[in-house]
1. Pairs of Cα atoms under 8 Å, at least six residues apart: use those to get the relative contact order of the range 119-256, whole percent.
2. Given the Cα-Cα distance of THR10 and GLN40 and 0.36 nm per residue of separation, how much length would full extension add, in nm?
3. Report the Cα centroid-to-centroid distance between the range 98-175 and the range 7-75 in angstrom, as an integer.
4. Can you list residues from other chains, or at least 5 along the same chain, whose modelled amide H is less than 5 Å from the amide H of LEU65?
5. Around PHE35, with a cut-off of 9 angstrom between Cβ atoms, what is the net charge of the other residues, counting Lys and Arg +1 and Asp and Glu -1?
6. Assuming a ≥ b ≥ c are the square roots of the Cα gyration tensor eigenvalues, decide whether the chain counts as rounded (a/c under 1.5), prolate (otherwise, with a/b larger than b/c) or oblate.
7. Within the chain, what is the longest stretch that has no trypsin sites (Lys or Arg not before Pro) placed in a DSSP loop and near at most 14 other beta-carbon atoms within 10 Å?
8. For the chain, build the charge dipole from Cβ charges (+1 Lys, Arg; -1 Asp, Glu) around the Cα centre, then report which of GLY176, GLY166, CYS96 sits farthest towards its positive end.
Amino acid sequence: MFLVFDIGGTNMRVAVSSDKKEISNSKIIPTPKDFDKGIQAFKQIADQLGGEPIKGVSGGIAGPLDSEKTMLLASPHISNWVQKPLKDKLEKVFNCPVSLENDTALVGLGEALKGSGVGYPIVAYITVSTGVGGVRIVEGKIDENALGFEPGHQIIVPDGNPCNCGGKGHLEAYVGGSYIEKIYGQKAENLKDPKIWDEISKYLAIGLNNTIVHWSPDAIVLGGSVIKSLPLNKLEQHLSQTLTIFTKHPPIKPATLGHNAGFYGAFTFLPFS
């Protein structure tokens, strides 16, 4: 049995697979704020989902990783996981190889291989959930990078809204779910005012404009809880007005794999044996 996971700023998703192709069973829990309790949760969930010996573990966590991909380096949402030996702890718990990646990178890879990005050589995946993340997928692989991809922390308003990472004016601070709640006093799923969604769409269009001119993708796939409420027709309208250097923007496609996307991306990093 193999174990795959997706540790987000709000929820932690864990699944098991017998063939590294399809999910046998899965479970979602709120992400433990305490690192040690999170490690304990892995073992408990693995036992609940199958109880068989685990041959390999692969998954993602929200935020940039160190160069050896053994631990989380920064996170405005799960700060107690930062600089903690996640890979080492999981290898000791399960006594098998463990592979770590950025959570959004694995979700984007899953969408490119099995979801809305299938058939497009270069896919830009952007998730708008608690925070904002993204990844560039080229020919079915996470594009080469030095520090990871963090499009949510591009500056769209100089000296603008404070971001939990310590910066100001970042895209995440205008369209991320936790910031929407701070700014407008309601969770994204409860917002009904079209003027508010028009404003949020404008800010996201600026971010997508920058993504397009930097990454030049064949398609953009949008995922995350906020996207379920955001009017995509408004977003495309604003993007068409914002993007001026190209005659048209690439297709904007909503993600289709839901909570399972990161699992499919993680399958590609599991050991072959």
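Rule-based calculations on the coordinates, nothing more; no lab input. Predicted model, so just to flag it, every value in this text is computed and none were measured. Ideal geometry is used to build each Cβ from the backbone, glycine not excepted, and the neighbour counts take in all protein chains shown.
1. Computed over the range 119-256, the figure is 27 percent.
2. Gain on extension, THR10 to GLN40, equals 9.1 nm.
3. Value for the Cα centre distance between the two parts: 20 Å.
4. LEU73
5. Here the charged neighbours net out to +2.
6. It is prolate, given that a/c is not under 1.5 and a/b is the larger ratio.
7. 34-186
8. Looking along the dipole axis, the top candidate is GLY176.
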